[in-house]
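Reading through the C-alpha cells given below for one structure.
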Amino acid sequence: MSSTEETRTADTGTTAGRPPLRAAIVGTGAVAHLHAQAIAEDPRVELVAVSNRGESRRTEFADRYDVPGRYATHTDLLAAEHVDLVVLCTPPDLHRQQTLDAYAAGAHVLCEKPPALSLAELDAMQAAADAAGRAFAIVFQQRTGTAAAHVRHLLDSGALGRPLLAQCQTLWHRGDDYYGVDWRGTWDGEGGGTTLGHGIHQLDLLAHLLGDWAEVDARLWRVARDIEMEDVSTAVVRFANGVVAQAVSSVLSPRQTSVVRVDCERATVEVEHLYGHAGPDWRITPAPGVGEDEVASWAFPADDEPSGHTPLVRAVVDALWDGTPMPDLVTHARRPLELVTAIYASATYGRPVTHADLDDDERFRTSLVADVTDVRPA
Ligand SMILES: NC(=O)c1ccc[n+]([C@@H]2O[C@H](COP(=O)([O-])OP(=O)(O)OC[C@H]3O[C@@H](n4cnc5c(N)ncnc54)[C@H](O)[C@@H]3O)[C@@H](O)[C@H]2O)c1
C-alpha cells in the first residue's frame, strides 16, 4: 500500500490529522461542476473558495457545494484566501493572466483546456510556474481511465509491434444556435475553430499514445457554418516514431463520434466514444496469425475506471499530497497546442510544417488566426 493510500484510508476517514489541501475554482460555469464533484470525492482536498463574475451563478454553485469563500474576481479571491490549488474553469482567453496571478499568490494551478490561445501565452504560463516553483497541470481528460493507460503501456512496451498508421476523428455536431452566443464563431472570442475547441481532445489522446509529432500537412475548411473560423479541418500528421495519422475535426456531423485508432504490426487498437471512454469502448483486433496466448496477454484490466475529471483531479492531488512531480496525465501542455498550431500554420502556408517552422514563426507563436478555405455555395 502506498503512503497515499495509507493516509487516505486512515480510520479518521479523512487525512490522518493532516489538514486537507485548500482548493479554489475560478469560473463556476459548466465544466466547474466536474471539478467540484471530483474534489468532493477526495478527503485530501477541500473546496474553500470560488470566484465568478456573475453573482447568481457564483452563489448557486457555492451553495450547491457548500463553499464558504465567494468572490466576484479571482484577484479578490487570491487576496483574501490562502489556497494551495487554483482550478481555472474560465474561458480560455483569461487563462494566461489568471495563471500568472495564481503563481504570484503562491498557489499551484490546474487549468482547463485549451490551456492558452497561443504557444507564447503557454510558454509564459510555464515560465511563471517554473519561477514560482509551483505545478502547472492541465486538463486533457481523454488521457485518463484505466483502458487508456493500458493501451499506452502496450504501445510503449512494443507488445503490439511497431505502430504504423493512425486515425483521429472528432466528428461532432454544433448547429447555428451554438454559434448564436456573441463570443462564439469569432477569432477574437474563441481563438480558434473546431480544431482548437473540440478536435484538440482527440489530438491530445493520440499524441499521449504516440509521442512527439514531426510534421503536419493540413487544410481548414468552412463548409457550412456562418463563422469566421473553420467548421472542418483535415490533417495528416507524421509522428517522430514514423506513424502516419489522418486527423479530422468537424462540427457538421449529425452522427457524432470520437475515434482514435492505431494500426500496429500485431494488432489494431481503437477507441470509439463521444465525450468520455471506458473499457468497453476500446477494442484490440489481432493481425492474422497472432496466437491466442498473445491476444490474452493484451487483456484490459478487469477493474475499469472510465476517463474523466475524477481520475485527473485525483492524479493532481496525489502529486501535491506526496510532493512528487505531476504525472504525464496532466503535463505536456505544449504538445496538443503545438499540433493545433501546426494545423493552422500549415493550412495558411499551404505546405507541411515542422517544429522548426513553428519555432521561427512569430505569427503563429502569438495567435492562431489562420486562412480558411470557404467552400460554401454562393
Ligand atoms: N475538459 C472538458 O471536457 C471541458 C468541457 C467544457 C469546457 N471546457 C473548458 O473549460 C473552460 C470553461 O468552459 P465552460 O463551458 O465551463 O464555460 P462557461 O461559460 O459555462 O463558464 C465560464 C464561467 O467563467 C465565468 N467568468 C468569466 N470571466 C470571469 C472572470 N474574470 N473571473 C471569474 N469568472 C469568470 C463566467 O461567468 C462563467 O460562469 C473553457 O476553457 C472550456 O474550453 C472543458
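The values are calculated or read from the model by the stated rules, or taken from the named source; none is laboratory data. Keep in mind it's a predicted model, so treat the numbers as computed, not measured. FYI the Cβ positions are ideal-geometry reconstructions off the backbone, even for glycines, and counts take in every protein chain you see. These accessible areas exclude ligands, DNA and RNA; they are computed on the full protein's heavy atoms, side chains included. Shrake-Rupley method; radii C 1.70, N 1.55, O 1.52, S 1.80 Å.
Consider Pro114 carefully, then state whether it is assigned to a loop (DSSP other than H, G, I, E, B) and within 13 Å of the ligand (Cβ to nearest atom). Against the criterion (assigned to a loop (DSSP other than H, G, I, E, B) and within 13 Å of the ligand (Cβ to nearest atom)), Pro114 qualifies.
Selection of first residues in the range 241-265 that are under 19 Å from Thr285 (Cα atoms) and of second residues that are of a type in the set (Ser, Thr, Tyr) and at pLDDT 95 or above, restricted to Cβ pairs under 8 Å at least 6 apart or on distinct chains, gives the following pairs, ordered by first then second residue: Ser258/Thr170; Ser258/Tyr275; Arg261/Thr268; Val262/Thr268.
Remark: Asp328 falls outside the filter, which requires a residue to be closer than 30 Å to Ile138 by Cβ and surrounded by 13 or more Cβ atoms within 10 Å (Cβ to Cβ). Selection of the range 150-179 for residues being free of Cβ contacts under 8 Å to residues at least 12 places away in the same chain and not in a loop (DSSP other than H, G, I, E, B) yields His153, Asp156, Ser157. Against the list (1) open to solvent by less than 70 Å² (accessible area, probe 1.4 Å); (2) in a helix (DSSP H, G or I), the condition Pro280 fails is (1). Filtered by the rule that a residue be within 14 Å of the ligand (Cβ to nearest atom) and surrounded by fewer than 18 Cβ atoms within 10 Å (Cβ to Cβ), the range 32-52 gives His33, Gln37. Has the range 53-61 got any residue that is within 14 Å of the ligand (Cβ to nearest atom) and open to solvent by less than 10 Å² (accessible area, probe 1.4 Å)? Yes, the range 53-61 has at least one match. Only residues that are open to solvent by 10 Å² or more (accessible area, probe 1.4 Å) and assigned to a strand (DSSP E or B) were counted in the range 194-246, giving 12. Yes or no: Val83 closer than 23 Å to Trp183 by Cα, more than 9 Å from the ligand (Cβ to nearest atom), in the same structural domain as Lys113 (by TED's automatic domain parsing) and in contact with a Gly (Cβ under 9 Å, 6 or more places away or on another chain)? No, not satisfied.
Of the residues examined, Gly191 is not one that is open to solvent by 30 Å² or more (accessible area, probe 1.4 Å) and at pLDDT below 95. Restricting the range 117-149 to residues that are in a loop (DSSP other than H, G, I, E, B) and more than 16 Å from the ligand (Cβ to nearest atom), the residue that is farthest from the chain's Cα centre (by Cα) is Gly133. Among the residues of the range 331-351, the ones that are farther than 16 Å from Lys113 by Cβ and surrounded by fewer than 17 Cβ atoms within 10 Å (Cβ to Cβ) come to 3 in all. I'd like to know if the range 151-170 contains one or more residues that are touching a helix residue (DSSP H, G or I) at 6+ places or on another chain (Cβ under 9 Å) and within 15 Å of the ligand (Cβ to nearest atom). Taking every residue of the range 151-170 in turn, at least one turns out to be touching a helix residue (DSSP H, G or I) at 6+ places or on another chain (Cβ under 9 Å) and within 15 Å of the ligand (Cβ to nearest atom). The residues of the range 89-110 that are in contact (Cβ under 8 Å) with a residue 60 or more places away in the chain and either within 8 Å of the ligand (Cβ to nearest atom) or more than 25 Å from Thr331 (Cα to Cα) (or both), listed by number, are Cys89, Thr90, Pro91, Pro92, Leu94, Gln98.
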